[in-house]
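For reference, the structure discussed in these notes is given below.
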């Protein structure tokens, strides 16, 4: 009897322990499921942080890039490294041609794209400044974005059942300066493991792509403005130099005018004195017998006074006080007279030689 | 001249440009000498043939081994981006590198083991110091391969390596052998000469729930656990009521297989096995490591990031303690694809790569990849592992 009771007690204890174990096991399951959700959230948050960090770094770096090509290339690198994409390109309509051009594309050499013709509705759509969009399936859609992709990257999306795996996202570019408005087109051709790489290109990527497009617009706008600012600065420097040079010339001209005016004033008064000297010298010469030593001396006084009068005329001409008139003259004689004046001015250490053609 | 090794790493999308990058970087470590051996790992989106072709052009006649990976490890960096390439280039007076490529591993892993053993026996003149193997990570039973290999080797060798991956797409992996790229195959390199190889391995998983028993298994396929379909047991522990074995589930939840009595040699009580495939029709799970013979006792396990990071660093410390006065000529790190980005997010390098370098040798040339399975010895026997770091330091005796 007691053995049976003991056996029952053991069985009861065993059942209780089994029930406890089963309950604990259920709790473990719940904990494990909760932990998986936590990991998933952490990973999603981490992936978002990585994207935000990459975009912030791009915004900082691209503000210092001086070539539009470098900005586009850096943006494409960011896309390739951080988004599940197989193709990306900056696409713009050509002015008035019904064609589109790719300014840069992932993994393709810069400048390797030729303009491509697109249908009118695709051209209209592109020029209308389309809103950001995401299209999950190449086979089920005749959207302009897919036909635009066919035009700029022919054969990229396979024309078979794999087309349904292709996803496309399109975000607008405002354009600035030489960088025309258009769209940033990104495509994933096949899905990636969702847990590791965020799956294929998805609608949730649109805000980040739009942010990148905005950064590109800003960076290119900055580049354009910086370039124009530099050009204007260079022009301003040149203009200031010219102004300074003109001011110097004006100053010199004013100086010369002042000197001329002074010299003219002195020459005028001196000329009046010479007129008196020449007058009295003429009267005196007339009263003396020709050939006498006194008459000869008066002749020398008259000659010296006439030379002085010539000098004053030149000074008056410099000061523009003498009336200008046109007359025939001997260039050789005028040159000799001018040189006579110069010799007095330049000093003894400068020799002036004249070689004249007497016919002139 | 001793032994020189250089490392290169590139994330360029163009394979030819990436090869040019890694060759230029690795060449600086060789001091102008040509490479005799290249170990290379590329992510699956690269043009695999262009990788080996580019290396053969850069280093004419060079021996090449390696495989595609889920991500690459080079110096202090783990990189699981879609386009990543890592290169170790070596020239040595003390060490010789014999490369092998065995086709048909996927269909006959035991035959591949025997064939590799025969090839190694032919090259090993009693001076073999280590054998590194890189099998396809999607097919073949690696435990079967290792058992056949060790059974036929003329003398014991340190065996380590990693199973090739393909960016968690689980479609096709690649293995390299000199100028050839293969799939479903096995790449290997035997290192002979004056030197030694030190290895350490660590997982970082905790057992969860009650002990269970594999009640029906065949090769790497586990059909039933506790007389229920294996998938139904797994699903109970996976969030979101998954209809298929997705990457997230495969990486989070695994199976711990207990060591035979006395064989753990101070290692953890379990070897971890991760399922790589599901037969939806039967609910059977495929484990490339196999190894469910015996009494079939198992525990479900979950990875723990703190244990993972601490265990990995302990591996480096263990090797450093084993060779305190010596510096490795290069270090190989084979780390599970499930321990990278999806466990540590953007902090993989800081968590399980750079701390290992700091602990072992911050200046040592360091290469590796994120695998679909790691191979490393416990005691004297080589095992296939999942969710581990397998760390190997190669030393040369001058």
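The values are calculated or read from the model by the stated rules, or taken from the named source; none is laboratory data. Source: prediction; values computed, not measured. Methodologically, a virtual Cβ is constructed for each residue, glycine included, from the backbone with ideal geometry; neighbour enumeration extends over all protein chains shown.
Observations on the structure shown:
- Residue tally, condition in contact with a strand residue (DSSP E or B) (Cβ under 6 Å, 6 or more places away or on another chain) and within 13 Å of chain A (Cβ to nearest Cβ), over the range B:300-325: 5
- Residues that are surrounded by fewer than 19 Cβ atoms within 10 Å (Cβ to Cβ), in contact with a helix residue (DSSP H, G or I) (Cβ under 8 Å, 6 or more places away or on another chain) and not in a strand (DSSP E or B) within the range B:171-183 comprise B:178, B:179, listed in sequence order.
- Of the residues A:143, A:149, the single one that is touching a residue at least 12 places away in the same chain (Cβ under 8 Å) and either in contact with a strand residue (DSSP E or B) (Cβ under 7 Å, 6 or more places away or on another chain) or within 23 Å of residue A:210 (Cβ to Cβ) (or both) is A:149.
- Within the range B:365-390, being touching a helix residue (DSSP H, G or I) at 6+ places or on another chain (Cβ under 7 Å) and not in a strand (DSSP E or B) holds for B:365, B:372, B:373, B:387.
- Taken as a whole, the structure places residue B:31 among residues that are at positive phi, surrounded by fewer than 21 Cβ atoms within 10 Å (Cβ to Cβ) and at pLDDT below 95.
- Output for the range B:279-292, where each listed residue is closer than 21 Å to residue B:171 by Cβ and surrounded by 21 or more Cβ atoms within 10 Å (Cβ to Cβ): B:284, B:285, B:287, B:288, B:289
- Only a single criterion out of (1) under 19 Å from residue A:59 (Cβ atoms); (2) without any contact (Cβ under 8 Å) to a residue 12 or more places away in the chain is not satisfied by residue A:184, namely (2).
- For the range B:349-368, the count of residues that are within 14 Å of another protein chain (Cβ to nearest Cβ), more than 28 Å from residue B:143 (Cβ to Cβ) and under 18 Å from the mean Cα position of the chain (by Cα) is at least one.
- Any chance residue A:261 is surrounded by 11 or more Cβ atoms within 10 Å (Cβ to Cβ) and closer than 30 Å to residue A:90 by Cα: no
- Residue match in the range A:167-184 (condition: in a helix (DSSP H, G or I) and either closer than 30 Å to residue A:149 by Cβ or within 14 Å of chain B (Cβ to nearest Cβ) (or both)): no
So that you can scan it fast, the table gives a plain yes or no per residue for (1) out of contact with any helix residue (DSSP H, G or I) (no Cβ under 7 Å at 6 or more places or on another chain); (2) buried (at least 21 other Cβ atoms within 10 Å of the Cβ); (3) free of Cβ contacts under 8 Å to residues at least 24 places away in the same chain:
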residue	(1), (2), (3)
B:202	no, yes, no
B:216	yes, no, yes
B:226	no, no, yes
B:273	yes, yes, no
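- Restricted to strands (runs of 3 or more DSSP E) entirely inside the range A:70-135, those with at least 2 residues that are without any contact (Cβ under 8 Å) to a residue 40 or more places away in the chain and under 19 Å from residue A:178 (Cα atoms) are A:99-105.
- Meets criteria (within 20 Å of residue B:377 (Cβ to Cβ), touching a residue at least 24 places away in the same chain (Cβ under 8 Å) and not in a helix (DSSP H, G or I)) for residue B:332: yes
- Summed over the range B:22-47, residues that are within 14 Å of chain A (Cβ to nearest Cβ) and not in a loop (DSSP other than H, G, I, E, B) total 1.
- Among the criteria (1) touching a residue at least 60 places away in the same chain (Cβ under 8 Å); (2) on the phi < 0 side of the Ramachandran plot; (3) in contact with a helix residue (DSSP H, G or I) (Cβ under 9 Å, 6 or more places away or on another chain), the one residue B:36 does not fulfil is (3).
This table checks each residue for (1) loosely packed, with under 12 Cβ neighbours inside 10 Å; (2) assigned to a helix (DSSP H, G or I).
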position	(1), (2)
A:250	yes, yes
A:254	yes, yes
A:269	yes, yes
A:275	no, yes
A:289	yes, no
A:300	yes, yes
A:314	no, yes
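- Of the residues making up the range A:318-338, those that are modelled with pLDDT of 75 or more, surrounded by 13 or more Cβ atoms within 10 Å (Cβ to Cβ) and under 58 Å from the mean Cα position of the chain (by Cα) are A:335, A:338.
- Within the range B:10-20, the set of residues being away from every other protein chain (no Cβ under 14 Å) and within 24 Å of the chain's Cα centre (by Cα) comprises B:19 only.
- Failed item, numbered, when residue B:312 is tested on (1) part of a helix (DSSP H, G or I); (2) at pLDDT below 95; (3) over 21 Å from residue B:223 (Cα atoms): (2)
- Single residue of B:51, B:62 found to be at pLDDT 95 or above, surrounded by 24 or more Cβ atoms within 10 Å (Cβ to Cβ), in contact with a strand residue (DSSP E or B) (Cβ under 7 Å, 6 or more places away or on another chain) and away from every other protein chain (no Cβ under 14 Å): B:51
- Residue match in the range B:138-156 (condition: buried (at least 24 other Cβ atoms within 10 Å of the Cβ), within 14 Å of chain A (Cβ to nearest Cβ) and part of a loop (DSSP other than H, G, I, E, B)): no
- Test result for residue A:45, assigned to a helix (DSSP H, G or I), within 14 Å of another protein chain (Cβ to nearest Cβ) and modelled with pLDDT of 90 or more: no
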